[in-house]
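Before any comments, here is the structure.
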Amino acid sequence: MALRDQQTTDFVGRMMAVQPRLRAYARIMIYNPSDVNDLLQEVATIGWQKYEQYDASRSFDAWIMGIARNCVFEYMRDQGKRACPLTSEAIELLESEAVDTSTSASDIEQALDICLRKLSAKDHRLVRTRFEQSETNRGVSKLLGLSEATVSRTLNRIYAQLLLCIKQQERGMGAKL
Amino acid sequence: MSQDKHISAELLRLCGSLRDQQLTEAEAERLSQLLTERPEARRFYLRFMVVTASLESRSHDEAAQEQDANDESNVGLLLQLLEQEQKARPIVLPPETAAVSASRQKKTNAAPTRKVVTAGQYFLGHTLRGKRALLACAAAFLLGAVLIIILLTNAPNEVEPLAEDLPAEPQPSQPAPRVVATLIASVDASWQGTAPVIGGPLYQDQALALSQGFAKLRFTNQAEVILQAPCTIVPVSESTMRISRGRMVGQCYAESSKGFTVYTPTARVVDIGTEFGVYVSDEGTVEAHVFEGEVSLTPITEAGEGRAVSIREGGARLVSADVSLVAPAKAEPSRFVQGMDQEDRDPAMRYAELVKAMQPVVYYRFESLGQDGSVRNEMGGRYAARVFDQAAIESTGMGNAARFSGGYVQVDETIQELSGAEQYAIAFWVRPDSVQQAALITFAADVEAERQPSLTILTLGQLRDELIHAEAKRLRFTHRNPPNVAGGMSLKYARPYAAAKWMHVVGVKDGPRMLLYVNGELAAEADDATPMSDIDFKTRIGINVVDPSGKPNGFSRPFKGLIDEVAIYDKAISKAEAEQLYRESSLSGSEP
């Protein structure tokens, strides 16, 4: 395999493996979910351009996370409050902990797979509608014939259920699935 | 005390508003305050957003799958995206790439081929603000598709601008691994080893072991394959695969996919333009089922190939592990998942459909309770059950189930179809909270007594049974005619049951035979010539006997745990059916 092809394969493989972590980190920091996709692609582009500088003896995840952090900082500088409506103090605290928390993104994703299956059919439908058919509560309310407030409340209840379930999964508490 | 107990309604609401992009300035200020002052609030927020990120990424996977379903391949879509973008820093595609691009554009009557794309476009085809909606849909598989493009087109190895007349890349010393298929969708999938990515390439001779869920692949010749876990395969070429274990469905509707070949340990199955299923059991038995069109099956032994047989629509062939037998059979589409849509894959729905197709007399799914505490019989208006005391409905991964903690469910009316029946069967899922002495399902004589005689009873044995030590931690299936409080014929599962684990149980009375299946396997069997008694009885779930007042007493053996999908048949259930019932639920990993 040509050297650069090998590099491409390596890079893409590594990027795929670190995607959940990058996405989690970016979503923690960025208010608008569609900007997260833009930012992740920016990270991939810069990462690829600089890949030849990457020292393979060091952690790729840490290296690409450094790029991601720089991208986030730059994005926040450009976008100001639009990037994240929280105060700078809160953002600073969150950022320092987001890097660590994002390392468990893959584990949380796996637990979430299990926990989603434990939802009632009705709740599962709402989650699917919200995240797969409509990106807004308003869209969901139209599709399911519910008020926006009901969608929001129900979604929050489901989140609480999922977060608790994920915690239990992480503690190794088995259930039906 | 756990962090979860500190989750305040306010924090949840504020995080929800942020997720929904509905956060007001005042809310943002309050949320910032909580996050600044309280570390546990930050931890909650971080996990909340990680879950949000994961859920949102799933939406993009779905969008990518839908996009994937278009006539153009991933590569075609990506090329279109790349070519629609205009950016600085052009690079020149090599002639091969341009040719691919040109042929695709010709096919789609698009604009004339451009040989120039930008570095950014070449890799990701994206600017921060351009074509956001379309690119958001493509984002999930974009990264994987990049690799496909590069490998398929032998792309230039530089990101920096290249002159058109640069010498060609030196030929690689070793051939690059060949991409022969793409993972185009997966549902609840877990893989052994490195998990392939949706939209990502699958290489020649890359072993794939799907341990949970479903996955859909598209081979280069456009044949599509749905895998059902547990399943182990190897893509061998652009039009060939090998399956050593598990189930798959081949969908070969494209003209180019005709001739798609599946090798099993003992047979070769060649498509002749059709949809078919292949199953390789752990014992090595091979089954080929044709749902549409036709396939050719050739038995393979160490000595060579046997005579090819044609299997037409609705037909099947079973090949024994030693290839000594190649038997015709009817195709059984219900044993294979033929689509990735919700109705195709939802194990709870599939299980329910299977049960209903088997025509039980009663079937209680416990999905909901009536206002009067009634439990619907899915098979019709008769024999509705009622909840007593502390039985309730609880959500599980298979929809809802009945939660027992001292209460019970009862069918007051005698199930007449079972009265005097030579054959009957009871199937259900059970998940005991603990090792306990408890009754799961009972047909109890309808008499006013402190201890009603039972006609049939399925029980769990406690950890140490002082009276009958052999029953400790054992599941027992007892048939009694005449009805009695003891005696009769009992089958006991030789292995101890486990607390907090789901177990699929089927008790069968088939004429003179009694059989007990646990998790799809025959657990015990014995002879008993007596039919079901013809006296009136009540069917109870989660308890044995109750006082004349309906209250539990010292003989009740109330069950603590979950019971679900209780179906009672006025006929026997075969071993294959018991196995199928279990497997239908285990498709997404719901086995105990």
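Among all positions in the range A:121-131, there is no residue which is closer than 28 Å to B:R350 by Cβ, out of contact with any helix residue (DSSP H, G or I) (no Cβ under 7 Å at 6 or more places or on another chain) and hydroxyl-bearing (S, T, Y).
The numbered conditions (1) more than 7 Å from every other protein chain (Cβ to nearest Cβ); (2) in contact with a helix residue (DSSP H, G or I) (Cβ under 6 Å, 6 or more places away or on another chain); (3) open to solvent by 20 Å² or more (accessible area, probe 1.4 Å); (4) not aliphatic (A, V, I, L, M) are all true for A:C115 except (3). Is the range A:13-23 home to any residue that is touching a Pro at 6+ places or on another chain (Cβ under 9 Å), open to solvent by 10 Å² or more (accessible area, probe 1.4 Å) and either more than 10 Å from chain B (Cβ to nearest Cβ) or closer than 14 Å to B:V50 by Cα (or both)? No, the range A:13-23 contains no residue that is touching a Pro at 6+ places or on another chain (Cβ under 9 Å), open to solvent by 10 Å² or more (accessible area, probe 1.4 Å) and either more than 10 Å from chain B (Cβ to nearest Cβ) or closer than 14 Å to B:V50 by Cα (or both).
Can you tell me which residues in the range A:87-112 are open to solvent by 40 Å² or more (accessible area, probe 1.4 Å), out of contact with any Leu (no Cβ under 7 Å at 6 or more places or on another chain) and charged (D, E, K, R)?
A:E89, A:E92, A:D100, A:D107, A:E109
Here A:K81 meets the list (1) under 18 Å from the mean Cα position of the chain (by Cα); (2) under 25 Å from B:A41 (Cβ atoms); (3) not polar (S, T, N, Q) almost entirely, failing just condition (1). Restricting to the range B:466-485, give me the number of residues that are out of contact with any Lys or Arg (no Cβ under 8 Å at 6 or more places or on another chain), on the phi < 0 side of the Ramachandran plot and modelled with pLDDT under 85. Residues in the range B:466-485 being out of contact with any Lys or Arg (no Cβ under 8 Å at 6 or more places or on another chain), on the phi < 0 side of the Ramachandran plot and modelled with pLDDT under 85: 4 in total. Within the range B:3-16, the residues that satisfy the criterion of being open to solvent by less than 50 Å² (accessible area, probe 1.4 Å) and either at the interface with chain A (Cβ under 8 Å from one of its Cβ atoms) or at pLDDT below 85 (or both) are B:Q3, B:D4, B:I7, B:S8, B:L12, B:C15, B:G16. The condition of being among the hydrophobic types (A, V, I, L, M, F, W, C), under 16 Å from B:L12 (Cβ atoms) and at the interface with chain B (Cβ under 7 Å from one of its Cβ atoms) holds for only one of A:A160, A:A149, that being A:A160. The condition of being open to solvent by less than 40 Å² (accessible area, probe 1.4 Å), free of Cβ contacts under 8 Å to residues at least 40 places away in the same chain and small (G, A, S) holds for only one of B:G461, B:G507, B:G520, B:G487, that being B:G461. Scanning the range B:314-336 for residues that are in a loop (DSSP other than H, G, I, E, B), open to solvent by less than 30 Å² (accessible area, probe 1.4 Å) and over 19 Å from B:D282 (Cβ atoms) turns up just one, B:A331. If I go through the range A:94-109 residue by residue, how many of them are more than 8 Å from chain B (Cβ to nearest Cβ), touching a residue at least 12 places away in the same chain (Cβ under 8 Å) and assigned to a helix (DSSP H, G or I)? The total comes to 4. Quick check: anything in the range B:192-200 at pLDDT 50 or above, more than 8 Å from every other protein chain (Cβ to nearest Cβ), touching a strand residue (DSSP E or B) at 6+ places or on another chain (Cβ under 9 Å) and open to solvent by less than 10 Å² (accessible area, probe 1.4 Å)? Taking every residue of the range B:192-200 in turn, at least one turns out to be at pLDDT 50 or above, more than 8 Å from every other protein chain (Cβ to nearest Cβ), touching a strand residue (DSSP E or B) at 6+ places or on another chain (Cβ under 9 Å) and open to solvent by less than 10 Å² (accessible area, probe 1.4 Å).
Only one of the numbered conditions (1) in contact (Cβ under 8 Å) with a residue 12 or more places away in the chain; (2) closer than 20 Å to B:P39 by Cα; (3) more than 7 Å from chain B (Cβ to nearest Cβ) is violated by A:S88, and that is (1). Could you look through the range A:118-151, keep only residues that are closer than 29 Å to A:E170 by Cα and outside any helix (DSSP H, G or I), and pick out the one that is most open to solvent (accessible area, probe 1.4 Å)? If we take residues in the range A:118-151 being closer than 29 Å to A:E170 by Cα and outside any helix (DSSP H, G or I), then A:E135 is most open to solvent (accessible area, probe 1.4 Å). Checked against the criteria, A:D38 counts as acidic (D, E) and part of a helix (DSSP H, G or I). In the range A:61-68 there is no residue that is closer than 23 Å to B:T194 by Cα, facing chain B (nearest Cβ under 7 Å) and under 14 Å from the mean Cα position of the chain (by Cα).
If you go through the range A:52-70 and pick out every residue that is over 22 Å from A:S106 (Cβ atoms) and assigned to a helix (DSSP H, G or I), you end up with 3.
In a residue-by-residue description of the range B:210-221, the property of being within 14 Å of chain A (Cβ to nearest Cβ), open to solvent by 40 Å² or more (accessible area, probe 1.4 Å), among the hydrophobic types (A, V, I, L, M, F, W, C) and over 17 Å from B:R317 (Cβ atoms) applies to no position. The residues listed here are B:S310, B:S296, B:S281; of these, the one that is hydroxyl-bearing (S, T, Y), surrounded by fewer than 16 Cβ atoms within 10 Å (Cβ to Cβ) and over 24 Å from B:A207 (Cβ atoms) is B:S310.
One line per residue, one yes/no per condition, for (1) aromatic (F, W, Y); (2) assigned to a loop (DSSP other than H, G, I, E, B); (3) at pLDDT below 90; (4) in contact with a strand residue (DSSP E or B) (Cβ under 6 Å, 6 or more places away or on another chain):
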| residue | (1), (2), (3), (4) |
| --- | --- |
| B:L491 | no, no, no, yes |
| B:P496 | no, yes, yes, no |
| B:A500 | no, yes, yes, no |
| B:H504 | no, no, no, yes |
| B:G507 | no, no, no, yes |
| B:L516 | no, no, no, yes |
| B:L522 | no, no, no, no |
| B:A529 | no, yes, no, no |
| B:S533 | no, yes, no, yes |
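The values are calculated or read from the model by the stated rules, or taken from the named source; none is laboratory data. A quick note: this is a predicted structure, and the numbers were derived from the prediction, not measured. Here Cβ is always computed from backbone atoms with ideal geometry, including for glycine, and neighbour counts include all displayed protein chains. Surface areas here come from the heavy atoms of the whole protein model, side chains and all, with no ligands, DNA or RNA. Shrake-Rupley method; radii C 1.70, N 1.55, O 1.52, S 1.80 Å.
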